[in-house]
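Step one of this worksheet: look at the structure below.
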């Protein structure tokens, strides 16, 4: 028997068509001016700083569900722009849960869940900026 997928009920059909709304929601949840969320890796420092200043590990657990989708969208969109890629929503074969990925022009896939998930259980693991910055960059054509 398989456990419940971490994204169960979070990603829906056409989720990737609403990135701007997810980012608006992230700004609202964090109390940040939407203009700060400019899809730069620097802006991830602002996101991380706000999360760390607002919640302890215990209180953050109560916010996980509302923050997970917006954080996936924001971090994923930064990667997508960085690699000139596209969103790809894949159904997990074992659970039927939809997962967001980025795919570049060489068909390489970037697992967005792995960027965000590690710190969802422990704020001390928060390092979105570092994870996004090590994502391979493609030479410009």
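Each value in this text was obtained by applying a stated rule to the coordinates, not by laboratory testing. These numbers were taken from a predicted model, which means no experiment stands behind them. Every residue, glycine as well, gets a Cβ built from its backbone with ideal geometry; the counts of neighbours run over all protein chains shown.
Quick rundown of the values:
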| item | result |
| --- | --- |
| Contour minus Cα-Cα distance for residue 86 and residue 52 (0.36 nm per residue) | 9.2 nm |
| Pairwise FRET efficiency - residue 20 versus residue 106, Cβ, R0 = 30 Å, nearest 0.05 | 0.65 |
| Rounded FRET efficiency, nearest 0.05, which uses the C-beta distance separating residue 35 from residue 114 and R0 of 30 Å | 0.60 |
| Gain in span if fully extended, residue 12 to residue 28, counting 0.36 nm per residue against the direct Cα distance | 3.7 nm |
